[in-house]
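Student: The following block contains the structure, expressed as structure tokens.
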Amino acid sequence: MAREEESLPERLAVIGGDAAGMSAAAMARRSDPELAIVAFERGPYTSYSACGIPYYVAGLFDDSDRLVSRSPDEFRQAGIDVRTRHEVTAIDLDRRTLTVRDLDARADREEGFDQLVYAAGAVAVVPPIPGAQACQPVRTVAEGERFRARLRHSRSRHAVVIGASYLGLEMAEAMVIRGLEVVLVDRADQVMGTLDRDLAAHVQDAAEGVGIRVMLSVEIEEIRHDEDGRPRGVVTSAGTLPADHVVLSTGVVPATELTQAAGLRHGESGALRVDDRQRCVEADGVFAAGDCVESWHRVLQRPVNIQLGTHANKQGRIAGVNATGGDIAFPGVIGTAVSKICRYEVARTGVSEREAADAGIDVVAATVKDKTRAGYYPGSGPIWVKLVAEKHGGRLLGGQIVGVEGAAKRIDVLAACVWTGMSVDELELMDLSYAPPFSGVYDPLLVAARQTAKAVRKADG
Ligand SMILES: Cc1cc2nc3c(=O)[nH]c(=O)nc-3n(C[C@H](O)[C@H](O)[C@H](O)COP(=O)(O)OP(=O)(O)OC[C@H]3O[C@@H](n4cnc5c(N)ncnc54)[C@H](O)[C@@H]3O)c2cc1C
């Protein structure tokens, strides 16, 4: 939609200087070179890769600046007034002002805005366990730097990671790489709740294979610290573990304290409710993007809050364009995600069998174990592919892959199939590539599709 001159906003304010916020600011700048744009970020960095923090902690590289894809100065040179170490403490939608605290000067001031992009992300959940408050999360570059410095300066060898999500697993592996003895504890009875149990079991094997002790169905009762505030032990329902380092990976919630107070609408997930233009529809000129918002799930057909950098970057771009008079829709999500956990690439898209059951969708599922290369080609390893399809008609609704290689890119094929509503019958004969170093002549996806199509025919009568 062409932007009319008279509707040009005078000043765009952005709250949150990472993936969603700075994507919005950069797109707004590109769409409207004249617009005044100010971005408030309470930390010292902008556009940093939280995703790279476990690899930095592991010591795969030493310079934390490499986690920053665009610094505050680079944004300033592009004409965006970036205020780092500035925290927004209140939003007044009627007066169109923000209360902003300069964290270094310890001074508050009011800042006006015409358009607002809220992109404050998510905050770590601290479980209600004695001693948990004293454990720092490791979600930002600064927190990653502090944590790595503690590892470097301590001769202690015991670490406990609480929470076996992909983040907990990545951090556990990072500390194994640094030579620590690591215990991973979760109250759930499997690692990685985003996978079905059968695929998660392979991830657990991989973690245990590098020496991580995995304790499941275990409750944390207390985290003990010494008089200097350093962790000393974790008391669990299965005994007390020595712990010189504790990482809490017990989930996050959308950062909505300010938007709740401002009277914006939130969905059942607790995240901000936005339309497909990233607009908070009840407040003119207010947009939101990233971990703090709900996104439309194309398979579940309802809003969900899934925290991924892939969603945050795209939604931020869309918010930035639409805040400057454009008209782009965000098409929704299917929760495509990938991680490297010890020897395996671990990937998922769409819905798992359990998520389908929870949503009342009748599905059939099939899992195949295959090889990543032709049998005679050196270096082949195992790969498991699980597909979930609608019981009636066989539409592909989701996939999970765990394998020594090739899971990361194969999941994108499955994502495209789920996205476009393809059936497992169609996938079974799809023209995928082949050469011995990459797969057998039937790619593991095609083998899995064949098994799933068979199961659909059987279940569907
Ligand atoms: C360790 C780790 C690994 C990850 N790995 C992956 C991965 O491999 N793939 C993937 O897709 N995703 C990954 N993610 C998730 C991804 O990093 C997030 O989804 C993404 O960063 C969300 O971007 P965002 O801009 O919405 O929020 P955030 O990145 O959380 O940014 C929000 C920013 O707002 C600032 N802020 C908040 N409140 C205020 C306020 N009141 N005033 C001023 N500033 C404020 C915060 O300081 C923060 O910098 C990972 C996350 C972590 C922590």
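Student: Output the residues belonging to the range 392-405 that are under 17 Å from Val346 (Cα atoms) and either in a strand (DSSP E or B) or among the aliphatic types (A, V, I, L, M) (or both).
Tutor: Gly398, Gly399, Gln400, Ile401, Val402, Gly403, Val404, listed by residue number.
Student: Take Val161 and decide whether it is in contact with a Gly (Cβ under 9 Å, 6 or more places away or on another chain), within 24 Å of Asp226 (Cβ to Cβ) and β-branched (Val, Ile, Thr).
Tutor: Taking the combined requirement at face value, the residue satisfies it.
Student: Being part of a loop (DSSP other than H, G, I, E, B) and surrounded by fewer than 19 Cβ atoms within 10 Å (Cβ to Cβ) is the filter; apply it to the range 443-461 and report the residue that is nearest to the chain's Cα centre (by Cα).
Tutor: By that ranking, first place goes to Asp460.
Student: While we're here: Hey, could you check the range 31-65 for residues that are assigned to a helix (DSSP H, G or I) and β-branched (Val, Ile, Thr) and say which is surrounded by the most Cβ atoms within 10 Å (Cβ to Cβ)? Spell out how you get there, then give the answer.
Tutor: So in the range 31-65, the residues assigned to a helix (DSSP H, G or I) come out as 31, 50-58, 64-65.
So of that shortlist, the ones also β-branched (Val, Ile, Thr) come out as 53, 57.
Values: Ile53: 25, Val57: 22.
The extreme case among them is Ile53.
Student: Here is a further query. So which residues in the range 407-442 are farther than 27 Å from Gly332 by Cβ, under 30 Å from the mean Cα position of the chain (by Cα) and open to solvent by less than 30 Å² (accessible area, probe 1.4 Å), if there are any at all?
Tutor: The one that is farther than 27 Å from Gly332 by Cβ, under 30 Å from the mean Cα position of the chain (by Cα) and open to solvent by less than 30 Å² (accessible area, probe 1.4 Å): Ser439.
Student: Here is a further query. Just to be sure I understand the filter: pairs with C-beta atoms under 7 Å, separated by 6 or more residues or on different chains, first member in the range 22-45 and closer than 25 Å to Arg101 by Cβ and among the hydroxyl-bearing types (Ser, Thr, Tyr), second member open to solvent by 10 Å² or more (accessible area, probe 1.4 Å) and more than 11 Å from the ligand (Cβ to nearest atom). Which pairs pass?
Tutor: These pairs meet every condition: Ser23/Arg317; Tyr45/Val68.
Student: What residue, of Glu282, Glu268, is acidic (Asp, Glu), farther than 23 Å from Lys409 by Cα, modelled with pLDDT under 95 and in contact with a Lys or Arg (Cβ under 9 Å, 6 or more places away or on another chain)?
Tutor: Every option except Glu282 fails the conditions.
Student: Related question: May I ask you to list pairs of residues, at least six apart or on different chains, whose Cβ atoms are under 8 Å apart, with the first in the range 279-292 being open to solvent by less than 10 Å² (accessible area, probe 1.4 Å) and away from the ligand (no atom under 16 Å from the Cβ) and the second being among the aliphatic types (A, V, I, L, M) and part of a loop (DSSP other than H, G, I, E, B)?
Tutor: No pair meets every condition.
Student: Given the criteria open to solvent by less than 30 Å² (accessible area, probe 1.4 Å), within 16 Å of the ligand (Cβ to nearest atom) and closer than 20 Å to Leu169 by Cα, does His245 qualify?
Tutor: On the way: open to solvent by less than 30 Å² (accessible area, probe 1.4 Å): yes; within 16 Å of the ligand (Cβ to nearest atom): yes; closer than 20 Å to Leu169 by Cα: yes.
Here the answer is yes, as His245 does meet what is asked.
Student: Every residue in the range 249-278 that is closer than 21 Å to Thr140 by Cα, touching a Pro at 6+ places or on another chain (Cβ under 8 Å) and open to solvent by 20 Å² or more (accessible area, probe 1.4 Å), please.
Tutor: Thr250
Student: Of all residues in the range 129-162, which are within 16 Å of the ligand (Cβ to nearest atom) and either small (Gly, Ala, Ser) or open to solvent by less than 20 Å² (accessible area, probe 1.4 Å) (or both)? Before the answer, list the steps.
Tutor: Initial filter on the range 129-162 (within 16 Å of the ligand (Cβ to nearest atom)): 135-148, 151, 159, 161-162.
Residues satisfying the conditions are Cys135, Val141, Ala142, Gly144, Phe147, Arg148, Leu151, Ala159, Val161, Ile162.
Student: Of all residues being more than 9 Å from the ligand (Cβ to nearest atom) and among the aromatic types (Phe, Trp, Tyr) in the range 45-61, which is farthest from the chain's Cα centre (by Cα)? Just the residue, please.
Tutor: Phe61
Student: Right, another one. List the strands (runs of 3 or more DSSP E) inside the range 319-391, counting only whole elements, that have at least 1 residues being open to solvent by less than 10 Å² (accessible area, probe 1.4 Å) and farther than 18 Å from Asp205 by Cα.
Tutor: 344-350, 382-390
Student: Scan the range 165-176 and give yes if some residue there is part of a helix (DSSP H, G or I), under 30 Å from Ser269 (Cα atoms) and open to solvent by 30 Å² or more (accessible area, probe 1.4 Å), otherwise no. Quick ask: steps written out before the conclusion?
Tutor: Residues of the range 165-176 part of a helix (DSSP H, G or I): 166-176.
With under 30 Å from Ser269 (Cα atoms) added as a condition, the list becomes 166-172.
In the following step, the residues that additionally are open to solvent by 30 Å² or more (accessible area, probe 1.4 Å) were identified as 166-167.
Yes.
Student: Can you tell me how many residues within the range 181-240 are crowded, with 19+ Cβ neighbours inside 10 Å, touching a Cys at 6+ places or on another chain (Cβ under 9 Å) and modelled with pLDDT of 95 or more?
Tutor: 5
Student: Only residues that are over 19 Å from the mean Cα position of the chain (by Cα), open to solvent by 40 Å² or more (accessible area, probe 1.4 Å) and within 12 Å of the ligand (Cβ to nearest atom): list them for the range 66-89, please.
Tutor: Arg83, Arg85, Glu87, Thr89
Student: Right, another one. Here are some conditions: (1) out of contact with any strand residue (DSSP E or B) (no Cβ under 7 Å at 6 or more places or on another chain); (2) under 13 Å from Asp276 (Cα atoms). Val293 meets all but one. Which one does it not meet?
Tutor: Of the numbered conditions (1) out of contact with any strand residue (DSSP E or B) (no Cβ under 7 Å at 6 or more places or on another chain); (2) under 13 Å from Asp276 (Cα atoms), the odd one out for Val293 is (1).
Student: Is at least one residue of the range 218-239 small (Gly, Ala, Ser), within 16 Å of the ligand (Cβ to nearest atom), closer than 30 Å to Asp189 by Cα and in a loop (DSSP other than H, G, I, E, B)?
Tutor: no
Student: Also: Among the residues of the range 108-128 satisfying the criterion of being out of contact with any helix residue (DSSP H, G or I) (no Cβ under 7 Å at 6 or more places or on another chain) and open to solvent by less than 30 Å² (accessible area, probe 1.4 Å), which is nearest to the ligand (Cβ to nearest atom)?
Tutor: Filtering first and then ranking leaves Gly121.
The values are calculated or read from the model by the stated rules, or taken from the named source; none is laboratory data. Owing to the predicted nature of the structure, the values given are computational and were not obtained by experimental measurement. A quick note on method: Cβ atoms are made from the backbone with ideal geometry, for glycine too, and the neighbour counts reach across all protein chains shown. Note: areas computed on protein heavy atoms with side chains; ligands, DNA, RNA excluded. Shrake-Rupley method; radii C 1.70, N 1.55, O 1.52, S 1.80 Å.
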